[in-house]
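Only the coordinates and a few stated rules stand behind these numbers; no lab work does. All values reported here derive from a predicted model rather than from experimental measurement. Here the Cβ positions follow ideal geometry from the backbone for every residue, glycine too, while neighbour counts run over all protein chains shown.
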Amino acid sequence: MTSAAAEPEVQIATRPRRSAQLAMLIFAMVITIAGFAQVGLARDGSLPTGMYGYGAGLGVLVAISYVVVARFAPYADPLLLPLAVFLNGIGLAMIYRLDLGTSRDVQLARAQGKNPTGLWASAPNQLMWTALSIAAFAAVIVLLREIKVLQRYMYTIGAVGLFFLALPGFLPSSISGSLGAKIWIRLGPFSIQPSEFSKLALVAFFAGYLVNKRQALSIVGKKIGPLNLPRARDLGPILVIWVLTLGVLALENDFGTAILFFGLFVSMLYIATERFMWVAIGGLLLAFASALTPFIPHVQQRINIWLDPKSYFDGGCQVGNKIINQIQTVAACHAKGGTYIADSGQLMRGLFSLGQGGVLGTGLGQGEPWRTPYSFSDFIFTSFGEELGLTGAMVILIVYALIVQRGMKAALATKDNFAKLFAGGVSFVFALQVFVIVGGVTRLIPLTGLTTPFLAQGGSSLLANWILIALLIRISDTARRPAPQPIQDEGMTQVVRTQ
Amino acid sequence: MNKPLRKVAVAGMLLLVILIINVNYIQGSQADKLQTDPLNSRQFAQQWEHNRGPIMAGKVTLAYSEKIGGKDGKEYQRHYNQGTLYSPITGYVSVFSRTGLESAENGLLDGTDKRLALHNWFDMLVGKKAAGATVQTTIDPDAQQAAYSGIKNQTIRRGGAVAIDVKTGAILAMASFPSYDTNDVAVHDGEKANKVFESLNKQKPAPMLNYATRETFAPGSSFKIIDSAAAIESGQYNKDTPTDANRLLLPESGQELHNSDGDEAKCNGSPPLIDSFAASCNSTFGRLALTLKQQTLENMAAKFGFNKPTEIENGVSSATSVYPTKPLGGDSLARSGIGQEVVTASPLQMAMVAQTVANGGKMMKPYLVKRVVAQDQSELVTAEPKQIGQPISADTAGQIQEMMRAVVDHGTASAVLAGRDIAGKTGTAETGIGGINEDWFVGFAPRDNPKVAFAVVTEGPAGSSGAKFSAPIAWRIVQAVH
C-alpha cells in the first residue's frame, strides 16, 4: 500500500459456489414461508391459504433465478441472490400481512373507523412486480455478458436517465404528483418512479465518464486557497450534470433522492480521482445547502418535525409563539388565527410502532403496524420493528450491510475500472438510501421519502434493485472467473507468485 | 482505485452501523417511554386486555374490572361504583385517554409496572399477564358523600370541596360538582365514547372539570388567613394588635372598600386583629395589604403553595392558584388583601392553608394513594407523609387557630356554627357575573387538637355568603369523617 501503482491484492475464490448459493436460497425461502405461516397462525389459528400460492409463486421465481445465475454467472458471489430473495420475501410477507384483502385485523380496524393504512397494501401486486423484477434480473444476467457494454453507451444511458428523471417535473401534477413530491409517471393503472432507474443510469454514466477522465481530472488547473481544482473543461460536464440533476430534484420536491445523487457524485469522484479534496468540497457544498433550508418550506417542515415531533403531532399550528398540536386541518388552524406548520403524526406513530415492538417484537401478525400511515411502503421498516422487534430490525439492517459489503467486494475484486467504479458507486448509494429512509423513520435524521430497498411496496424500486443485484452479480462473476487457460499447453508449469 | 474504494466501503458500512445503534437505542432503551407517551393512543386500545386491579376507598370499591371475554383484546370491562361521586378521584379509562388515579397508577393497576413483574416472574416466564394491583385511596367514603351531596344541594352552579388529614396530608374527601358518570366514558366502543365526550364537553359548567383541584375561584375573605399569617410573621402584629377598622377609601379611585359580610357594625374604631378577623372587616385587611406591601403578601402566598401547581399523585396536580406577581396599583393591592379581583385559589389550595395552620405551621404534601397491594398481598407502595414546607411558625399557627375559632364563636360563622366543635374562616367573593357569589368556608376540626382540615366552595346568588352556604357543608363533612 505504499505506492498508488501497486494496488493491494484482493483474495478471490475462483470456483463456482452453486451449492452454497442453493442452500442459502432455500434458507431464505424457508424464512419467507414461515413468515406467511406465522401471519396466518397468529391471526386465524390456521395456515393461510395465501401461503401456498405466494410460496409456490416465489419458489418458482427463485428457482428460475438460481438456474439463470448458475448457468450464466456461475462464479458470481453466492450471497447476493439469497440476500435479495430474503428481503423481497419477508417484504412480501409483511405486505400480505398488511393487505386489507387478506388481513382480518386490518379489516376489523377499518370497520371500527380506525383508519388503518392497509387500504393500499397489495400483496398480489407486489408478487406481480416481484415476478417482473426477477424476469428483468434474469434477462440482465442472460443478455448482458460484459458490464463494459454499458460503458460503450454511457452517453445514451446518461441522457435517457436524466430525461426520465426530469420528466415528472414537467408533467402536470395529476400525472406526476403525490404527497407534495412530483416524482411519478402515471399511465392508467401503472405508475413508475423514474428516479429509481435514473439512479442506475447516472451511476453508469458517471462511471464511464470518470474512467475516461480520471487522469485529466488529476491535472491541476487553478488553485483556490488550499484547493487544487482541475481544469474547467474536465470538471465542467460533471458540474453541469450535477447542477441539472439537483435542480430537477428540487423542482420535483424530491429531496431524499437529491441527497442520494449528491452522495453518489461525491463518492464516485473520490473513488475515481483518489483525492480526498472531493469529499471536502462535497462537505462544503452540503453545508451551503443546509444553510439554504430555511428558505425551502417543504424542507423546513421536515426539519421542524424532526427536531420537535411532539409539538406537531397530528398537525402543528403556530399561534403567536406557541405551537399547538392536534390541529388536524389547515382550516382549523386558520380558525384559531394561526399558521399551519406541519404534521408529525406519521413519524411519531412509526416511533410508537418501534416502541411497541421492543426487543423481541409482538410477533408477525400480532402487532398493529397498520396504525402508521404507509406502514407497507415508506414505513415498512417500523412495521418490521414492531412485529419482529429490535432483533428482526437488526437482522434486516445486517442483511443490508451484507449486500453493501458484497457489492464493495465485487468492486474491489474486479480489474476493470468501469466495473469497479460502477459497483462501488451503486453499493455506496444503496447504503446511503437505506440510511436516509431508515434513519428518517427512526428519527435519526429528518424524514425524506425514499423507498426501503426490496421491502417496501412499489414496482419501480423493486425492479431497479433487482437489476442492481443482477449487475453486481455480473461484475462479481467476471471478477471471480478464472483467467482463460492458455491455448498452448506447455505441460506441467510451476506457478510462482511474485509480488 | 482500491484505496479510496475501501474507504468508501467503510463509510457505507458505518452508515448501517449508525442505524443499528439508533434502532438499539429506540427499541432497547426508549421502548417503555414510547409505549406510555401520552400521544400514543395504542396504550388505550390495549387496556381492555388487562385485568386492572380495583381502586378502593376503605372497604368501598370505587373501580373494578369485570371479565367479559370479548374478542379482539376486549376481555375486560371497567366499572365504577358511584362514578359520579368519585369521578374526581378515580378518573377513568377510555379508548382515548386516562385520567385521575387510573392514569397516575396505570402501570400498577394494569400489571405492566416493573415492580409487579418481579412478583410474577413465573407467570411472565410462561407468558401469563401480570394481574393488576389494588390501589387503596385515602378517601373516606362517608366524608366524600357528605361533601358531594352538600355541594349538590346547595350550589346554584358549581362547587368543590377538599378535606385533608391535618397530620399527614392524606386527602379524605375531594368532591366536585357538576360531575359525570365515569361509566359512560369507559365504554369499549370508540364511537359511543366519542359521542359521550362530545356531549359532556358541550355542557356548561363543564362536568368533567375537577372543581376541587383543577379550577380556581376568588377566595374572598378566606384569603385573610394569609394576610394574618403575613402580618404576624412580619413581627409587627399579633392577634391582639389593634387595627384600624374605620372606613377605607381606596388610594387611587377614592371609592370605599365596603364591609359587606353582615358585620359592618363591628368594623370601626380600632379592634384587635382577632376581632377584625372574626368580623371579616374588609377595611382592616385592605389597609393591612397596603401596609404590608405586595411583596410580603406574595411571599407568604407562595410559601403556602400559590403560583405553582401542587402535585397530588404522579401526573395528577392542581391548577395554579394565583397571587399576582406583577406590580399592583393601590386599589388592586387593597382588594387582593380581601381575596378579590386578582387573587384566585383552588379548594385544594385553601384546604392546604387550613391544614398548615391546624398542623402548627407544617405544610404536608396532599396525597390520594394510601397503599398499593399486589394480588399476593405484598405491599408495593406505602404512602409516607411528607412535609413540604413551613410557611409560618407554630406560634403564628396557634394565634391564627384562635382567630379561626373566634369566627365560629362570635364572628361571621357564629349564627350557623356557634357551639360546634369546628373552626374556620368564611369567604364571600362577588364574581360580577350574573350576581353569583363564591361562598367559602375554610377551616379545621376539632377546635383543639385538629384532625381534619377542609375548604368548601359553593356558588350562590347575590346575598348568599360563605357562612350560610358553605359552612354547614363543612360541618357535615367533619362529622362524617371517621
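Could you work out the relative contact order of chain B? I mean the mean sequence separation of Cα pairs under 8 Å and 6+ apart, divided by the number of residues, in percent. Each step should come with its number before you reach the end.
On the way: 1124 pairs, mean separation 79.5, N = 482.
Once divided by the residue count of chain B, the mean separation gives 16 percent.
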Once the dipole of the stretch A:297-455 is set up from charges on Cβ (+1 Lys and Arg, -1 Asp and Glu), the residue from the list A:Y374, A:G357, A:G424 lying farthest towards its positive end is A:G424
Once phi for every residue in the stretch A:252-261 is put through the Karplus expression 6.51 cos²θ - 1.76 cosθ + 1.60 (θ = phi - 60°), the whole-Hz ³J(HN,Hα) values, with Gly and Pro written as x, are 8, 6, 10, 7, x, 5, 4, 4, 4, 5
Answer in debye to the nearest 20: the dipole magnitude of the stretch B:21-119 about its Cα centre, from +1 Lys/Arg and -1 Asp/Glu charges placed on Cβ, is 100 debye
Here the relative contact order (percent) of the stretch A:296-343, from C-alpha pairs under 8 Å and at least 6 apart, is 37 percent
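Let me know the whole percent of all Cα-Cα pairs from the stretch A:328-461 that are separated by more than 21 Å. Don't jump to the answer; show the numbers that get you there.
Details: 4524 of 8911 pairs.
Percentage above 21 Å: 51.
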Whole-Å distance linking the alpha carbon centroid of the stretch A:130-148 with that of the stretch A:355-397 is 32 Å
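Which pairs break 19 Å Cα to Cα here: A:K322/B:K204; A:K148/A:K415; B:K167/B:K386; B:K362/B:K386; A:K199/B:K7? It would help to have the intermediate numbers written out before the result.
Details: A:K322/B:K204 27 Å; A:K148/A:K415 12 Å; B:K167/B:K386 10 Å; B:K362/B:K386 10 Å; A:K199/B:K7 22 Å.
Over 19 Å apart, Cα to Cα: A:K322/B:K204; A:K199/B:K7.
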Phi angles of the stretch A:285-300, converted by Karplus (6.51 cos²θ - 1.76 cosθ + 1.60, θ = phi - 60°) into ³J(HN,Hα) in whole Hz with x for Gly and Pro, give 4, 5, 4, 4, 4, 6, 5, 8, 4, x, 8, 10, x, 4, 6, 4
Mean per-residue count of partner chain Cβ within 10 Å for A:348-358 equals 6
Residues whose built amide H sits under 5 Å from the amide H of B:I164, excluding neighbours closer than 5 in sequence, are B:L172, B:A453, B:F454
Between A:F276 and B:S270, the two model label points (7 Å from Cα along the beta-carbon direction) sit apart by a distance in nm of 8.9 nm
Looking only at lysines whose Cα falls under 19 Å of B:K192's and that sit 8 or more positions away or on another chain, we get A:K114, B:K71, B:K74, B:K202
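Which peptide among A:305-318, B:148-161, A:421-434, A:383-396 comes first, and what is the full order, when sorted by highest mean count of other Cβ atoms within 10 Å? The partial results should precede the final answer.
Numbers: A:305-318: 19.9, B:148-161: 22.6, A:421-434: 27.3, A:383-396: 24.2.
So the order, starting with the most tightly packed, is A:421-434, A:383-396, B:148-161, A:305-318.
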The rounded separation in angstrom of the Cα centers of the stretch A:246-300 and the stretch A:399-458 is 16 Å
Expected sort for B:50-56, A:161-167 on mean C-beta neighbours within 10 Å, highest first, is B:50-56, A:161-167
Place a point 7 Å from the Cα of B:D240 in the direction of its beta carbon; the residues of the stretch B:394-408 whose amide N falls under 18 Å from it are B:395-407
Expressed as a whole number, the average count of other chain Cβ atoms within 10 Å around the Cβ atoms of B:33-40 is 6
To the nearest 0.05, the calculated FRET efficiency linking A:Q366 and A:A136 through their beta-carbon distance, R0 being 30 Å, is 0.30
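Please report, in debye to the nearest 20, how large the charge dipole of the protein assembly as shown is about its Cα centre when each Lys and Arg carries +1 at its beta carbon and each Asp and Glu carries -1 there.
Numbers: 84 positive and 70 negative charges, 758 e Å.
It works out to roughly 3640 debye.
Could you estimate the translational diffusion coefficient of chain A from the Stokes-Einstein equation, with Rh from the Kirkwood formula over C-alpha pairs, at 20 °C and 1.002 mPa s, in whole µm²/s?
Working: Rh = 24.3 Å.
Result for D is 88 µm²/s.
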With the charge dipole of the protein assembly as shown built from beta-carbon charges (+1 for Lys and Arg, -1 for Asp and Glu) about the Cα centre, the Cα from B:S270, A:V39, A:L269 projecting farthest to the positive end belongs to A:L269
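Stretch B:E49-B:A415 to full length: gain in nm at 0.36 nm per residue minus the Cα-Cα span? Could you put the intermediate results ahead of the total?
Working: separation 366, 0.36 × 366 = 131.76 nm, distance 5.61 nm.
Length difference between fully extended and current span is 126.2 nm.
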Averaged over all viewing directions, the convex hull of the alpha carbons in chain B casts a projected area in nm² of 30.6 nm²
Rounded to the nearest whole number, the per residue volume of the convex hull around the C-alpha atoms of the stretch A:296-343 in Å³ is 64 Å³
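Treat every Asp and Glu Cβ in the stretch B:382-466 as -1 and every Lys and Arg Cβ as +1, leave all other atoms uncharged, and give the resulting dipole magnitude about the Cα centre to the nearest 20 debye.
Working: 6 positive and 10 negative charges, 37 e Å.
So the dipole magnitude of the stretch B:382-466 works out to roughly 180 debye.
Where Lys and Arg each count +1 and Asp and Glu each count -1, what net charge lies around B:R78 among other residues with Cβ under 13 Å from its Cβ? Walk me through the intermediate numbers first.
On the way: positive: B:R52, B:K67, B:K74, B:R98; negative: B:E49, B:E66, B:E75, B:E102, B:D110, B:D181, B:D184.
Neighbour charge sum, excluding B:R78 itself: -3.
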Given Cβ charges of +1 for Lys and Arg and -1 for Asp and Glu, the option among B:S346, A:W466, B:S283 whose Cα lies farthest towards the positive end of the dipole of the protein assembly as shown is A:W466
If amide H atoms are modeled at 1.01 Å from N in the peptide plane, then the residues at a separation of 5 or more from B:G159, or on another chain, having amide H under 5 Å from its own are B:F177
Among the Cα-Cα pairs of the stretch B:270-412, the proportion with separation greater than 22 Å, in percent, is 49 percent
Rounded to two decimals, the Debye log10 I(q)/I(0) of the stretch A:219-327 (Cα scatterers, no solvent) at q = 0.11, 0.18 Å⁻¹ is -0.50, -0.96
Mean projected area (nm²) from the convex hull of Cα positions in the stretch B:322-361 is 3.3 nm²
Note: the stretch B:394-440 at 20 °C, 1.002 mPa s; Kirkwood Rh on alpha carbon pairs; Stokes-Einstein D in µm²/s works out to 181 µm²/s
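Taking R0 as 45 Å, what's the FRET efficiency between A:A56 and A:V149 from their Cβ-Cβ distance, rounded to 0.05? Intermediate results must be reported in sequence, preceding the final value.
Working: r = 35 Å, r/R0 = 0.78.
The calculated FRET efficiency here is 0.80.
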If the label point sits 7 Å along Cα→Cβ of A:L239, residues of the stretch A:253-268 with amide N under 20 Å come out as A:261-268
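Over 24 Å apart: what share of the alpha carbon pairs of the stretch B:229-336 falls there, rounded to a whole percent?
Tail fraction, whole percent: 32.
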For B:M364, other-chain or 5+-apart residues with amide H closer than 5 Å (H placed, Pro excluded) are B:I388
Expressed as a whole number, the average count of other chain Cβ atoms within 10 Å around the Cβ atoms of A:384-392 is 2
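Quick one: which of B:321-330, A:249-258, A:26-35 comes out on top by average Cβ neighbours within 10 Å, and what's the full order, highest first?
Details: B:321-330: 16.1, A:249-258: 21.6, A:26-35: 18.2.
Taking the mean over residues of other Cβ atoms within 10 Å, the ranking is A:249-258, A:26-35, B:321-330.
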Whole-number value, in Å³ per residue, for the convex hull of the alpha carbons of the protein assembly as shown is 220 Å³
Residue by residue through the stretch B:350-360, the couplings from Karplus 6.51 cos²θ - 1.76 cosθ + 1.60 with θ = phi - 60°, in Hz, x for Gly and Pro, are 5, 5, 5, 4, 5, 4, 5, 4, 6, 9, x
FRET efficiency for A:I219 and A:R481 from the Cβ-Cβ distance with R0 = 35 Å, rounded to 0.05, comes out at 0.50
